[in-house]
1. Of the peptides 112-118, 126-132, 47-53, 181-187, how do they stack up when ordered by the mean number of other Cβ atoms within 10 Å, highest first?
2. Between the helical axis of 210-221 and the dominant principal axis of the chain, each derived from Cα atoms, what acute angle in degrees is found, rounded to the nearest 10?
3. Please turn the phi angles of region 93-107 into ³J(HN,Hα) values with the Karplus equation 6.51 cos²θ - 1.76 cosθ + 1.60 (θ = phi - 60°), one per residue in order, whole Hz, x for glycine and proline.
4. List the residues whose amide H sits under 5 Å from the amide H of W189, counting only those 5 or more places along or on another chain, with H placed 1.01 Å from N in the peptide plane.
5. For region 41-52, take each phi angle, set θ = phi - 60°, evaluate the Karplus expression 6.51 cos²θ - 1.76 cosθ + 1.60, and give the result in whole Hz per residue in order, putting x for glycine and proline.
6. Looking at the P(r) of the chain, how many percent of alpha-carbon pairs lie beyond 30 Å?
7. Using r as the Cβ-Cβ distance of I73 and D194, and R0 as 51 Å, what FRET efficiency do you calculate, to the nearest 0.05?
8. Per residue, how much space in cubic angstrom lies within the convex hull of the C-alpha atoms of region 125-280?
Amino acid sequence: MSRIAYVNGQYRDLRDANVNVEDRGYQFADGVYEVCEVRGGRLVDFPRHMARLQRSLRELRIAEPMPLSALGIVMHEVVRRNRVTYGLVYLQITRGVARRDHAFPLNPVKPSVVITARALNYAKNQQTAASGIKVITVPENRWPRVDIKSVSLLPNVLAKQEAREKGAYEAWYVGTDGFVTEGASSNAWIVTGDGRVVTRSADHGILAGITRAVLMEVMAALQIKLEERPFTPAEAKQAAEAFVTSASQIVIPVVAIDGQAVGNGQPGGVAKRLREEFHRFSAFS
Ligand code: PMP
C-alpha cells in the first residue's frame, strides 16, 4: 500500500507530496512540529500535543493555518488513510513560502502544513524496551529556546549520529553547569537508590515532553516519589536506574551511559512498571 501525506490541503501519494523549494521550512528551518503516538488507530494524548503546538506557533509568531479542531480532523484522516493502528503521526507547520529573506515575509503568507503517518514495529519496540538502550553524553550546543518544538534539529541530528557511531541509541546533552538537560529526542530520567524518580524541571533548557507530563501523573497515581531537579552524568551512572521518555517510544530503560553500566546493567523495575502502566493514564482520541 502506498503511503498518503497531507500537504497544504491535499491528500497525496507520498511520492508526489511536494513542497515549494522556497518554503521557509526548507530554507531556514522556520517551522514547528509535533509527533503523536498512534495506538489502536487512535491518537495518544492528542489534546496536550495540540496545546504544545499552539504554544510553539505563538512563540515563533507563525499563524495557525486552520482551526486546531480542523487540523485534528486531518491528522486523524491521515492516520486512517495510511491504516496505521500502531505507529506515529507527524505534523509540521512552517511559516510558508516566500522569496528568500531572513526576516518574516512583508506580506503575510499562508503557513505550510504537512502531515504524515507511519506504522511502527510494536514487537521491535517492545524488544528495545526489554533490552534497554545505551546513551552517550555530549556537550549541550543547542539554542536556548529548546522549549519550542522547532524543526531546527541539526544539533540533535549530529548528536544522534554520534550516538549511533558509538554503538548507542540516544545522546544526553550536558550543559556547561555539568547537568544533563535532555536527550536528542527524549527527556532524561534517573531513579535513586531509594526509589525516587528524578528529572529536570521543564522551566527552561528542555522541551516539556508530553510523555514526561503524563508520566508524572502516572507516578502520582502509583505513589512513586518524584524529584524535579537536575542531575549530573556522574549521578546518573551511579543511579539505580535510568530511562528516557518520548511519544514514539514512551518509556525506554537506559542500561549504560558512556559505556558504564547503570545499576546491574539490566532494565530497571521502576522504568518497566511505568512503561506498562503508562497507557492506563493516557487519553485516546
Ligand atoms: N526532548 C526532545 C528534544 C524531543 O525531541 C522529544 C521528542 N519529541 C522529547 C523531549 C520528548 O517529548 P514528547 O514526550 O512530547 O515526545
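Derivation of every value follows stated rules applied to the coordinates shown; laboratory data play no part. Keep in mind that this is a model prediction, so the values were computed, not measured. Note that we place each Cβ from the backbone using ideal geometry, even for glycine, and neighbour counts take in every protein chain shown.
1. The packing order, highest mean first, is 181-187, 112-118, 47-53, 126-132.
2. Tilt of helix 210-221: around 40 degrees.
3. Once rounded to whole Hz, the list reads 10, 10, 5, x, 9, 7, 4, 4, 6, 4, 5, 4, x, 5, 9.
4. F243
5. After applying 6.51 cos²θ - 1.76 cosθ + 1.60, I find x, 10, 8, 8, 6, 4, x, 5, 5, 5, 5, 5 Hz.
6. Tail of P(r) above 30 Å: 32 percent of Cα pairs.
7. For R0 = 51 Å, the calculated efficiency reads 0.60.
8. Details: hull volume 16.0 nm³, N = 156.
Roughly 102 Å³ of hull volume per residue.
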